[in-house]
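The values are calculated or read from the model by the stated rules, or taken from the named source; none is laboratory data. This is a predicted model, so every value here is computed, not measured. Neighbour counts are summed over all protein chains in view; Cβ atoms, including those assigned to glycine, are modelled from backbone coordinates with ideal geometry. All accessible areas refer to the heavy atoms of the entire protein, side chains included, with ligands and DNA or RNA removed. Shrake-Rupley method; radii C 1.70, N 1.55, O 1.52, S 1.80 Å.
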Amino acid sequence: MAIAISLHILAACIWVGGMFFAYVCLRPVAADILEPPARLTLWRGVFERFFKWVGLAIVALIISGHFMIAMYGGMKVVGIHVHIMLLLGYIMFGIFGHVFFAPFKRLKAAVDNQDWPAGAAQLNTIRKMVGINLVIGLITIAVASAGRFI
């Protein structure tokens with residue numbers, strides 16, 4: 001159980017912390033100082049690396065989360081906060097899947113073709129989706145950490 005919960009928390013920190021850094025710190029600075037070609041190329045590279053980690057985090061979260069639920073005796077036994085965490089987690093997985101397979105794929109193609117307006121449109125879509133996932137992720141952390149005390 002110690003390994004499962006540690007892995008679960010580390011995976012959540014990597015994913016949600018990465019979104020927080022990208023959205024709150026990197027995005028505004030990149031927008032202020034970089035012209036579209038450099039900014040879009042930067043984001044393509046950042047997402048390429050970060051999304052690999054997110055993929056690993058999702059696998060770790062699913063495996064460790066379901067393992068811990070099973071160890072506690074299943075969904076009938078765990079608190080409502082675990083049900084909420086699971087629901088929000090799967091919503092986040094779905095949003096990430098959409099971002100990865102749709103706008104990120106189009107962003108890569110736009111940058112590769114130096115189609116900066118198309119790339120900017122895709123980056124804007126990704127920004128919105130990451131913002132939504134960040135809020136859901138922060139809520140999920142609050143529910144998970146305080147849930148059984150509420």
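The table below lists the values:
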read-out: Residue match in the range 65-86 (condition: without any contact (Cβ under 8 Å) to a residue 12 or more places away in the chain and within 18 Å of the chain's Cα centre (by Cα)); value: no
read-out: Index of the failed condition, Ala144 passing every other in (1) more than 30 Å from Arg39 (Cβ to Cβ); (2) surrounded by fewer than 20 Cβ atoms within 10 Å (Cβ to Cβ); value: (2)
read-out: Gly119, sole failed condition from (1) more than 22 Å from Ala12 (Cβ to Cβ); (2) touching a residue at least 24 places away in the same chain (Cβ under 8 Å); (3) open to solvent by 30 Å² or more (accessible area, probe 1.4 Å); value: (3)
read-out: Test: residue in the range 68-87 that is open to solvent by 40 Å² or more (accessible area, probe 1.4 Å), within 30 Å of Gln114 (Cβ to Cβ) and in contact with a helix residue (DSSP H, G or I) (Cβ under 6 Å, 6 or more places away or on another chain); value: no
read-out: Search result, residues across the range 15-34 that are under 18 Å from Leu138 (Cα atoms) and surrounded by 17 or more Cβ atoms within 10 Å (Cβ to Cβ); value: Trp15, Val16, Gly18, Met19, Ala22
read-out: Output for the range 35-59, where each listed residue is open to solvent by 60 Å² or more (accessible area, probe 1.4 Å), among the β-branched types (Val, Ile, Thr) and within 19 Å of the chain's Cα centre (by Cα); value: Val59
read-out: Filter result for Thr125 (more than 18 Å from Phe21 (Cβ to Cβ), in contact (Cβ under 8 Å) with a residue 60 or more places away in the chain, among the polar types (S, T, N, Q) and in a helix (DSSP H, G or I)); value: no
read-out: Contacts under 8 angstrom Cβ, first residue in the range 29-51 being farther than 16 Å from Asp115 by Cβ, partner of a type in the set (D, E, K, R), 6 or more apart; value: Ala30/Arg39; Ala31/Arg39; Glu48/Lys108
read-out: Any hit, the range 90-105, residues being open to solvent by 20 Å² or more (accessible area, probe 1.4 Å) and either farther than 16 Å from Leu134 by Cα or of a type in the set (Asp, Glu) (or both); value: yes
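Yes or no, residue by residue, for (1) more than 20 Å from Pro36 (Cβ to Cβ); (2) modelled with pLDDT under 95:
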site	(1), (2)
Met75	yes, no
Met85	yes, no
Tyr90	yes, no
Leu107	no, no
Gln114	no, no
Ile150	yes, yes
